[in-house]
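Data block below; observations after.
The values are calculated or read from the model by the stated rules, or taken from the named source; none is laboratory data. These figures come from a predicted structure and were not determined experimentally. Ideal geometry is used to build each Cβ from the backbone, glycine not excepted, and the neighbour counts take in all protein chains shown.
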């Protein structure tokens, strides 16, 4: 966001782009996402803010904008249909509003505001702006947003706070915030609260901004999930597997722990594709990935790293093992259990040959014995996989241990 911009325009892309061009891109910053707009308002002072009406949460966005930018000129642009709703906000918190499309005189007035450099007070309570910025920054998941709300609000009111279902709220409770989301909940304090104008301002701002924050948290979480997931099987993708494995190995190196990596593929997978078709092959990949995720533990990472090739990181959550113990055996037992489950599984796409014909082969590698990074471990695991294939397939090999 350019520091030279003096006017912040919050509008849908089609309207915002056209208005920004007419107002002057050098002095006008246009955003279509109210979440991003609140982020910018919490970071710096904007002499003029223009909001377009039509959003379901428009009134809340206006109030949140005013609380974050107390001395800014706050304008709205609306259609004739939404004019009554906007007119009701005039004076508190709006300074004025315009009906779209704007006249030449109205455009000239806004151009003047966009060209006017910032001056005077910052227009924000510094602590409020900082807290709001922190809240927006962590809205990268629903869990993160909830946890930060609990900590921030609890610190402000001087009492621990928790989410409570509406029908379970104590009769004498004084709810602070209503949660946005599928299940209505309220945030209630447990104990006497301290009262301050700044705390009340912050709570009111969060309450007004919560719907936009919550929607963004959901969207961000969905984008994050798509970015790390293989679209066909639902397992993690190659990029996430490499990143997660390096992170686990770094931690294991610090703690003196050992980690096991399994690399496996489906025996003669090309034959199944050629015989039954690619749709059946895709179903086999989905079914085997789902079976592996079912057999493994919550801390293990299951990923498709290419074609019919999968990798599994068996990450131990316990303390470092005692000297003389044999860490690979737990992972080996899980991998071999999976091999047997695949062989016994009924794959509907294979028709009469549904059970007992499909097998997998795999190789295991152990950190730090077989490698210090993910590429070294994959190389050793691939040696085990090739050894399993050469021995007749349908086997899991750990170099030096056998099947």
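A few points about this structure:
- Residue match in the range 153-161 (condition: assigned to a strand (DSSP E or B), farther than 13 Å from residue 206 by Cα and in the same structural domain as residue 202 (by TED's automatic domain parsing)): yes
- For the range 9-42, filtering for residues that are touching a helix residue (DSSP H, G or I) at 6+ places or on another chain (Cβ under 6 Å) and either outside the structural domain of residue 67 (by TED's automatic domain parsing) or closer than 20 Å to residue 93 by Cβ (or both) leaves 9.
- Every pair of residues 6+ apart whose Cβ atoms lie under 6 Å, when the first sits in the range 207-218 and is in the same structural domain as residue 146 (by TED's automatic domain parsing) while the second is outside any helix (DSSP H, G or I) and at pLDDT 70 or above: 207/177; 211/57
- Test: residue in the range 188-204 that is in contact with a strand residue (DSSP E or B) (Cβ under 6 Å, 6 or more places away or on another chain) and at pLDDT 75 or above: yes
- Residues (part of a loop (DSSP other than H, G, I, E, B), closer than 27 Å to residue 255 by Cβ and in contact (Cβ under 8 Å) with a residue 40 or more places away in the chain) located in the range 330-384: 368, 369, 372, 373
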